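One structure follows; several queries about it will come next.
The values are calculated or read from the model by the stated rules, or taken from the named source; none is laboratory data. Note that the coordinates shown come from a computational prediction; the quantities given were computed from them, not determined experimentally. Please note: Cβ atoms are built from the backbone with ideal geometry, for glycine as well, and neighbour counts cover all protein chains shown. Calculation scope for accessible area: heavy atoms of the full protein, side chains included, ligands and nucleic acids excluded. Shrake-Rupley method; radii C 1.70, N 1.55, O 1.52, S 1.80 Å.
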Amino acid sequence: MKLTQRIRAMRESWDAYAELSERRALLRRPWEEDILHWSYTQGAWVLHGRTLPPDQRRRYGVTRSGWCAGSG
């Protein structure tokens, strides 16, 4: 296995771990589901939530890939 393939495999493993960590964190904060956010569901972006997010530079209710607990 070449070095570049190993690095790519490590990167993919890290990305999968980060995604699972973000999902676990969201499941621990169910109240964030009410904050407006875009979720990638069944091949399309869908707006979820009812309240405006606070004025901060933080992503609420969704992972980097677009997963949210309300999308199933």
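How about the stretch 1-28: which of its residues are free of Cβ contacts under 8 Å to residues at least 12 places away in the same chain and open to solvent by less than 80 Å² (accessible area, probe 1.4 Å)?
9, 13, 15, 16, 21, 25
Can you tell me which residue among 9, 16 is more than 30 Å from residue 51 (Cβ to Cβ) and under 14 Å from the mean Cα position of the chain (by Cα)?
Only one candidate passes the filter, namely 16.
Still on this structure, please answer the following. Could you grab me the full set of residues in the stretch 16-53 that are touching a Lys or Arg at 6+ places or on another chain (Cβ under 9 Å) and not in a loop (DSSP other than H, G, I, E, B)?
18, 19, 22, 34, 35, 37
Continuing with this model, one more query. Take the stretch 54-72 and flag every residue that is among the charged types (D, E, K, R) and either surrounded by 11 or more Cβ atoms within 10 Å (Cβ to Cβ) or outside any loop (DSSP other than H, G, I, E, B) (or both).
Listed by number, the list holds a single entry, 59.
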